[in-house]
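Reading through the structure tokens given below for one structure.
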Amino acid sequence: MHRPGLKSIWAVLLAAVLFLGAGLPVHARPGFFNRDSGSAAKPLHSSAPSGKLQEVAPPGAVQQLRQNLQQHRPSLRLIDPSNDSIVTSDALELRFEIDDWPLSSDPELGLGPHVVLQIDNRAPLRLSESKGNRLEVRIDDLEAGSHRFSAWAAYPWGEAVQAPGASIQGRLHLWQKLQGTQPERDAPWLVPVSPAGEQGLQPLLVDWLIWNAPLQNLREGDGRWRLRISIDGDSFLVDHQEALWLKGSNGAGSHDIQMELLNGLGEPITPVFNNQLIHLKAASGPKPGWLRPRLTESQLARLSGSREPDVLEVVESLPEPPQRPEEKKQEKTEQPRDLPQAELKAEAVVKDEVETKPEAGPQPAAPEEKDEQESEPPLVEQPLAEQPRAEQPSKAETARSTPPTPAPEKPAEPLHPADEETKLKPSSSLGGSARELLNSDGRLRKP
């Protein structure tokens, strides 16, 4: 029997249930990043380092090395064993391939570009030697069960290269799988990145990798995860993946760095795997090369794994000094290297003959004493009276204070002082009475 009143009662009850349900909180689907825990909930804001921590610029050598290594795009791959496979052996052997990453290590400057392998929370292994592009690692002390691993291309100071293909992660099982001991395949998990050497050097490198973390900050209020970093008691929040350089109060002493992966509201995400602590021991020994304020060209090449410039290349790159006119003239007279030996000898003989001939051009002035000797006329055996008299005295004759007296073959009798006025002594062929009329000097006798 149909009862119209019963239908109306059911309608009233259904409306009441819908009305009451609208006022109840809506629970989101269970997941790792819960961003809808309440209508008034807002994502946490990131914060800068505070307290005793201060963000600073990287060392000068780090900036040089980063710029020099920007040309490389490292690519890392796992070759053997395959991801999520079971290894039935007491030792785990891993093989990787690395492309476009110059692995190196310098005995003086320290580790260069390398690859880091970390299994679970064990100490990281740093690999700087390869066979071609192959990397081989053998681990003998790994306990049976399930393990997670991550590997990445690292800079000389230990920072992970943040580029597609530069890092990988996976799971391996020794003998058999153990459920619940490792994160699920799509679960987020945190890997702290230690600085090279695991020492508390200043400034302090703080770096990390987060696997399976969703993109965020694509729009305002899109906070899906936060990372809380605590160093020696001072904490701050970050919401982006970028290494930090910090300066603290402990100087070169030991440091404790704690990292916690949180959702946008500040709640822990699987803290068994995402609450990690790094202890950096106090710095000891010489400082690594990347901590220097500046590197030379040779040091930069050695620490970045590139070819060190040759001394010849450095000399050739220097500017040539300007040549003097004498050098240019000598360069023109040099013989070409590709001439036959016979032609070289012939040209050498011609060159010697040309050099022995006097030049037609004006000769350089010789010293004054030499000019005097050359300008002096040659001695001729003739009477003094027959020598021609120069019309104009030369420069050398005017410079002489006392004219030289030519030496005859036989010594001449000295002239009487009274006869110095007369330069030529008269001679006569008169004889008899005529000779008696003259004095010895040629003058007439007085009666």
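The values are calculated or read from the model by the stated rules, or taken from the named source; none is laboratory data. Here the structure is a predicted model, which means the values were calculated and not measured. Don't worry about glycine lacking a Cβ; one is built from the backbone with ideal geometry, like all the others, and counts go over all protein chains shown. Side chains included, ligands, DNA and RNA excluded: accessible areas come from the protein's heavy atoms. Shrake-Rupley method; radii C 1.70, N 1.55, O 1.52, S 1.80 Å.
S104 exposes around 20 Å² of accessible area when a 1.4 Å probe is run over every protein chain in place.
A Förster radius of 22 Å, combined with the Cβ-Cβ distance separating I86 from L125, puts the computed FRET efficiency at roughly 0.50.
For the pair R95 and Q162, label points projected 7 Å from Cα toward Cβ lie 3.4 nm apart.
Per residue, the accessible area of the range 175-301 comes to 48 Å², computed with a 1.4 Å probe over protein heavy atoms only.
Once the Cβ-Cβ distance of Q54 and E184 is raised to the sixth power relative to R0 = 30 Å, the FRET efficiency obtained is 0.20. Taking all protein chains together, E143, E198 sort by accessible area into E143, E198, largest first [probe 1.4 Å]. Between E297 and R171, full extension at 0.36 nm per residue minus the direct alpha carbon distance yields a gain of 41.2 nm.
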